[in-house]
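Just below is one structure, and these are the notes that go with it.
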Amino acid sequence: MTREYHPQTLAAAIGVATDRGHNAVSPPLHLSANYFWRDPEVKPEYDYSRSGNPTRCQLEKALCELEGAARGVIVSSGMAAIDLVLNRVDPGQTVIAPHDCYGGTHRLLSARAKKGQFNVLFVDQTSANAFDEALLCRPKLVLIETPSNPLLRITDIKSCAEKAKAAGAIVVADNTFLSPVLQRPLDLGCDIVLHSTTKFINGHSDVVGGAVLARDAALGEDLAWWGNCTGVTGAPFDAFLTLRGLRTIFPRIERQQTSAGEIVEKLASDERVARIHYPGLKSHPGHEIAAAQQTGFGSMFSVEFAEAVDVLQLLRNMDLFTIAESLGGFESLVCVPSAMTHASMTPEARATAGISERLVRFSIGLEHAEDLALDIFKGLDAAANNASLDASPLLKRAC
Ligand SMILES: *Cc1c(COP(=O)(O)O)cnc(C)c1O
């Protein structure tokens, strides 16, 4: 397909009516493990599903078009995507990652570093000084993840990619939180963009999957080689469902983002809210960078509630928001990071990262924004001790 089409068109139209076997309009699901050769000397386009599969290839092509990549690999999870790119790093070389990266990424990098597979340095990438200092160790690979989870901190992709490349590193961006609908890291100087397609790309909370997409075809080929070699490539059925989910990614994200903005605005004026972390707010420290490098502010935000709010009660008293980890699906989700997604961090590490026990993360789905806002306020009414909102800390301790 030509790049002259709008990305919305690409997401909807890629692979439609291309079936050579039976003229299927929707690309068929090819579950076969192997493919026959018409002649022992003529290798077919596909021979074995670990190395290549037509259904997986459709998804790969669609994601490459949307991210502006030359070649991609569809893998079995977001973690498999991260692990696949780590094959580019040798013992003795260094990986730089954000100190507040996805917990599973932190665990994977730490575990592999502990085995001596490479060195890892976790840095605050929103601090130019800290990042510059880390680059002095000439890393082989720099991983960027923005916005961060759960505080939605914003890293300047263009500036970090430029500096990291000048230091000789491969620059990889985890674009899971925004998807190519709202951010295209390859256009901002990264070499590789990866996804947990479990989140916005599939968007229906029924597949765990991942994707690695390279701007350069040779780098993409190398990653595909490793994908086949290690066997982390994704299942065809997962790719089929993910492509089906991808068809509606634009309308989904546009709707979810509009709703998130409306809900944030309603919450912002409530006295039970101490702070909202949403890059769309002018008061957010990353607002300017987000406005420059993103085409929208997304549908994720987190809220620090006032001390008078019992956040666990808040969660228990909402009906529409499901208490669950993960994000980016059609259904609205809520979690308390300190007790759920980030529970494995020590209290000290959480304090350093700024994740308090009163922080609640919201992933806005496709329900009506008014219903969702009312649901949060209903939860708040049940969870807030309104009488103590104005009380002095001393008084609070007494009662
Ligand atoms: C969920 C997530 C991952 C891990 O993906 P899985 O599909 O769960 O393996 C990686 N990075 C980010 C930012 C995520 O949100």
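The values are calculated or read from the model by the stated rules, or taken from the named source; none is laboratory data. In this text, all values refer to a predicted model and were calculated from it rather than measured experimentally. We place every Cβ from the backbone using ideal geometry, glycine too, and count neighbours over all the protein chains shown. Remember, those area values only see protein heavy atoms, side chains included, never the ligands or the DNA or RNA. Shrake-Rupley method; radii C 1.70, N 1.55, O 1.52, S 1.80 Å.
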Quiz item: Checking T233 against (1) out of contact with any Asp or Glu (no Cβ under 6 Å at 6 or more places or on another chain); (2) within 30 Å of L359 (Cα to Cα); (3) within 15 Å of the ligand (Cβ to nearest atom); (4) not acidic (D, E), which test does it fail?
Solution: (2)
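Which of the residues belonging to the stretch 132-175 are hydrophobic (A, V, I, L, M, F, W, C) and touching a Leu at 6+ places or on another chain (Cβ under 7 Å)?
Selection gives A134, C137, I157, A161, A164, A167, A169, I170, V172.
Residue-by-condition table, conditions (1) open to solvent by 20 Å² or more (accessible area, probe 1.4 Å); (2) away from the ligand (no atom under 14 Å from the Cβ); (3) within 28 Å of L366 (Cα to Cα):
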position	(1), (2), (3)
N149	no, no, yes
A167	no, yes, no
L188	yes, yes, no
G209	no, no, yes
A218	yes, yes, no
L246	no, yes, yes
Q256	no, yes, yes
Exercise. Go through (1) surrounded by fewer than 22 Cβ atoms within 10 Å (Cβ to Cβ); (2) in contact with a His (Cβ under 9 Å, 6 or more places away or on another chain); (3) among the aliphatic types (A, V, I, L, M) one by one and return the number of the condition A97 breaks.
Key: (1)
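With the requirement that a residue be touching a residue at least 60 places away in the same chain (Cβ under 8 Å) and outside any loop (DSSP other than H, G, I, E, B), what does the stretch 73-87 give you?
Residues of the stretch 73-87 that are touching a residue at least 60 places away in the same chain (Cβ under 8 Å), as a first pass: 73-85, 87.
Those that are touching a residue at least 60 places away in the same chain (Cβ under 8 Å) and outside any loop (DSSP other than H, G, I, E, B): V73, I74, V75, G78, M79, A80, A81, I82, D83, L84, V85.
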Exercise. List the number of the failed condition for W225; all other conditions in (1) over 23 Å from N53 (Cβ atoms); (2) part of a helix (DSSP H, G or I); (3) of a type in the set (A, V, I, L, M, F, W, C) hold.
Key: (1)
Quiz item: Restricting attention to the stretch 155-205, which residues are of a type in the set (A, V, I, L, M, F, W, C) and without any contact (Cβ under 8 Å) to a residue 40 or more places away in the chain?
Solution: C160, A161, A166, A167, V171, A173
Exercise. Could you check, for the stretch 46-60, whether at least one of its residues is without any contact (Cβ under 8 Å) to a residue 24 or more places away in the chain and in a strand (DSSP E or B)?
Key: yes
Exercise. Could you please find all residues in the stretch 65-87 being within 10 Å of the ligand (Cβ to nearest atom), open to solvent by 10 Å² or more (accessible area, probe 1.4 Å) and not small (G, A, S)?
Key: M79, D83
Quiz prompt | Of all residues in the stretch 35-54 being under 22 Å from L243 (Cβ atoms) and in contact with an Asp or Glu (Cβ under 9 Å, 6 or more places away or on another chain), the one that is surrounded by the fewest Cβ atoms within 10 Å (Cβ to Cβ) | solution = Y35
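Residue-by-condition table, conditions (1) without any contact (Cβ under 8 Å) to a residue 60 or more places away in the chain; (2) closer than 25 Å to C101 by Cβ:
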position	(1), (2)
L327	no, yes
A353	no, yes
L374	yes, no
L380	no, no
Quiz prompt | Tally of residues being part of a loop (DSSP other than H, G, I, E, B), among the hydrophobic types (A, V, I, L, M, F, W, C), buried (at least 16 other Cβ atoms within 10 Å of the Cβ) and within 16 Å of the ligand (Cβ to nearest atom) across the stretch 325-351 | solution = 2
Quiz item: Among the residues of the stretch 359-387, which ones are open to solvent by 60 Å² or more (accessible area, probe 1.4 Å) and at pLDDT 95 or above?
Solution: L366, H368, E370, D371, L374, K378, D381
Exercise. Show the residue pairs that are 6+ apart or on different chains and have beta-carbon atoms under 6 Å apart, the first residue being within the stretch 210-234 and under 15 Å from L194 (Cβ atoms) and in the same structural domain as Q58 (by TED's automatic domain parsing), the second being among the acidic types (D, E) and buried (at least 21 other Cβ atoms within 10 Å of the Cβ).
Key: L213/E67; R215/D191
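Return the residue satisfying two criteria in turn: it lies in the stretch 225-244 and is among the polar types (S, T, N, Q) and in contact with a helix residue (DSSP H, G or I) (Cβ under 8 Å, 6 or more places away or on another chain), and of such residues it is surrounded by the most Cβ atoms within 10 Å (Cβ to Cβ).
Once the filter is applied, the top-ranked residue is T242.
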